[in-house]
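Chemist: Can you keep this structure in mind? I'll have questions shortly.
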């Protein structure tokens, strides 16, 4: 499947943990976050999807926001993890790994299933 065609419900489920993971590497701004996720293979993440998520992370106390002047252009809103955000990123990554182990066991079975009828 082409990454730009991932089902939207799959992306909604994983986007939060992926954004937190991206921010573990340091503060970043929205466009750079979307480019990182695209390069990782998630496909194009639109600002209308990303910014509400970042707002929820900020309201939950996981992200701090700072406006920084642009280099010859407009300023940018940078997002950085708080201590709580770093802990949440690690916990969600561990939880997601466990979840994908379970779902992978189920879906791998479908790949080897030879179409038995009931």
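Computed from the coordinates by the stated procedures, all read-outs in this text should not be read as laboratory data. These numbers were taken from a predicted model, which means no experiment stands behind them.
Chemist: Add -39500 (n - 2.57) for each DSSP H run of 4 or more in the chain, then divide by its residues: what number comes out at 222 nm, to the nearest 500 deg cm²/dmol? Provide the component values of the computation, followed by the final result.
Modeler: Values: 4 runs with 68 residues, N = 118.
Rounded to the nearest 500, it is -19500 deg cm²/dmol.
Chemist: Would you mind checking the tilt of helix 47-59 against the longest principal axis of the Cα atoms of the chain, expressed as 0 to 90 degrees and rounded to 10?
Modeler: Orientation of helix 47-59: about 70 degrees from the principal axis.
Chemist: Considering only 38, 103, 82, give the residue with the highest GNM mean-square fluctuation for the chain, with springs between Cα atoms whenever their separation is below 10 Å.
Modeler: Per the Cα network of the chain with a 10 Å cutoff, 103 tops the list.
Chemist: Between 69, 27, 52, where does the largest GNM mean-square fluctuation fall for the chain, given springs only between Cα atoms within less than 10 Å?
Modeler: 69
Chemist: Where does the chain land on Rg/Rh, using Cα atoms and the Kirkwood Rh?
Modeler: Dividing the radius of gyration by the Kirkwood radius yields 1.08.
Chemist: If the viscosity is 1.306 mPa s and the temperature 10 °C, what translational diffusion coefficient in µm²/s does Stokes-Einstein give for segment 57-104 when Rh comes from Kirkwood over Cα pairs?
Modeler: Translational D for this selection: 125 µm²/s.
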